[in-house]
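The values are calculated or read from the model by the stated rules, or taken from the named source; none is laboratory data. Keep in mind that what you see is a predicted model, and the values were worked out from it rather than measured. Here the Cβ positions follow ideal geometry from the backbone for every residue, glycine too, while neighbour counts run over all protein chains shown.
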Amino acid sequence: MVLNVPGLIAVIIFYILILIIGLWAARRTKGETNSENIMLAGRNIGAFVGVFTMTATWVGGGFINGTAETVYSYGLVNCQAPVGYALSLVMGGVFFARRMREQGYVTMLDPFTRTYGERMGGLIYIPALLGEVFWSGAILAALGSTLRVIVGLSHEVAIVVSACIAVFYTLFGGLYSVAYTDVVQLICIFIGLWLCIPFAMTNELVENISVNSSAVWIKEVDPVYVGVYMDSFLLLIFGGLPWQVYFQRVLSARTVGIAQSLSFAGGLGCIIMSVPSILIGAIAVNTDWNRTAFVTRDNFNASEISSRGSDILPLVLQYLTPEWVSFFGLGAVSAAVMSSADSSILSASCMFARNIYKMIFRQRASEKEIIWVMRIAIFGVGALATVMAITVKSIYTLWYLCSDLVYVVLFPQLLCVIYLRASNTYGSLVGYIIGMFFRIAGGEPSLGIGVLIKFPYYSVNNGQLFPFKTLCMLMSFTSIVFVSYLTDFLFKKNILHPRFDVFKCVINKRPSDAKLTKYSVKSEETFANPSFLPSKEEIRERR
């Protein structure tokens, strides 16, 4: 494909703009020696910036490309992500935002580390890390696809350059840079996509999308897959909660009230930002592709469109809008990718620096050391996501499987650690193993994982039709509850000798499990256990 020079120039201008804004925001962290302030922007994110960064985190390249693809391939009714993610943010605001923000945690893993111990926290970090890395890889791959279609730029070059820019400003500015670039990126997404809609919709090759819409692009759920449909919907809602990218915004909010408000506003933002992608999917269904330049100029076969669902958004921008308009759409896709990629890279790096490096390997690490470990981790996670985006063809499938693990394994863990007082390491470990085992035993054909357990209504042709992922999640949850209460009862009634409390979480409690100590910070009261406490000098500095 011939390189589109004007398109390439438009992309370069956009990238320079984002880089400048990211570096400008990074000035606020100049000379900063407190790792918590870099990770959470000093807990000083207000409502305006907060709403933009919360929404932009979810509305990424996978979100807008995937929404258009699903509407085109399966119909609007089967496009669950916009509503599912919106409800996930609302549920987070109702049940988790206040409790997490009031406790003054720094990462999502802090309550796990405090309650279950550092090593169990490290085990829980594994699916959390995989989810963030695969998510970043998936959206970088989506950008590579878009630039290949519109600009003619190499898939690999597009991914590497985009990842480098996102890593660069995140490296120096932390959450400040990510949050402020999110404001510009979300505006670009909104304007860029909406600018394309009227041109694509009024193209002479596109029929009126309102004609026979129910049968053409809205469609309905196949009764055979009702169980799968409900399973996927619940996965999006509750599996969308235990992500560091979400809690990083909650914990960085200036007040508890703002933390909750961001969740509700972000949910509304997901719905609003999905509308142009939905319309693009509907437009693609109603297009006579045989008469477009896709066939007449570029000599492709119109039948290929059905197999290129993941490219449907850039294809609509390329062949149904004027060239200059498609460049704005391209900027929108690039913005969407960066707004999610930088968030995921930062989130995984913060958890590693604080909950793995500091809590497990270097409890006495200085603040400066943690900051440098976080920066090295940002580079490492960014490089890993980039390699996966380039080399792994089933990146979307890998991300989907990680979303399964987040739902099945992490959600019940989060629910118990926040709401179940008797929850302990024994219950957490058993629930982790059971959830992981039964989910993998359910099989994943796209990854070549065979079916070990055939749940009810299993079909050789259609696979698992029972909502088995939700069943696995409930099995994990009940295991945590049952084993936690059982071990608590056995140890406290002296049925089991204290020496058998090998995890030191019931009788022989670790010093770090002692009662939380309150200390004052600049924004509001924060709670932390002794292993998290700052030095006396840091307390005086925060005051």
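Listed values, structure above:
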read-out	value
Residue count for the range 59-92, restricted to those that are within 16 Å of the chain's Cα centre (by Cα) and more than 15 Å from Leu235 (Cα to Cα)	9
Test: residue in the range 318-336 that is in contact (Cβ under 8 Å) with a residue 40 or more places away in the chain and under 13 Å from the mean Cα position of the chain (by Cα)	yes
The lone exception for Gly173 - which of (1) of a type outside the set (Val, Ile, Thr); (2) surrounded by 22 or more Cβ atoms within 10 Å (Cβ to Cβ); (3) touching a strand residue (DSSP E or B) at 6+ places or on another chain (Cβ under 8 Å); (4) over 30 Å from Ile418 (Cα atoms) it fails	(3)
Residue within the range 399-415 that is modelled with pLDDT of 85 or more, out of contact with any strand residue (DSSP E or B) (no Cβ under 8 Å at 6 or more places or on another chain) and assigned to a loop (DSSP other than H, G, I, E, B) present	no
Residue within the range 318-330 that is part of a helix (DSSP H, G or I), in contact with a Cys (Cβ under 6 Å, 6 or more places away or on another chain) and either modelled with pLDDT under 90 or closer than 25 Å to Ala377 by Cβ (or both) present	yes
Ile360 closer than 19 Å to Met54 by Cβ, assigned to a helix (DSSP H, G or I) and not small (Gly, Ala, Ser)	no
Boolean, Ser339 is hydroxyl-bearing (Ser, Thr, Tyr), at pLDDT 85 or above and crowded, with 24+ Cβ neighbours inside 10 Å	no
Close pairs (7 angstrom Cβ cut-off, 6 or more residues apart or separate chains): free of Cβ contacts under 8 Å to residues at least 40 places away in the same chain in the range 361-375, among the polar types (S, T, N, Q) anywhere	none
Residue within the range 376-388 that is surrounded by fewer than 24 Cβ atoms within 10 Å (Cβ to Cβ) and not in a helix (DSSP H, G or I) present	no
Tally of residues being among the hydroxyl-bearing types (Ser, Thr, Tyr) and more than 23 Å from Val133 (Cβ to Cβ) across the range 311-363	3
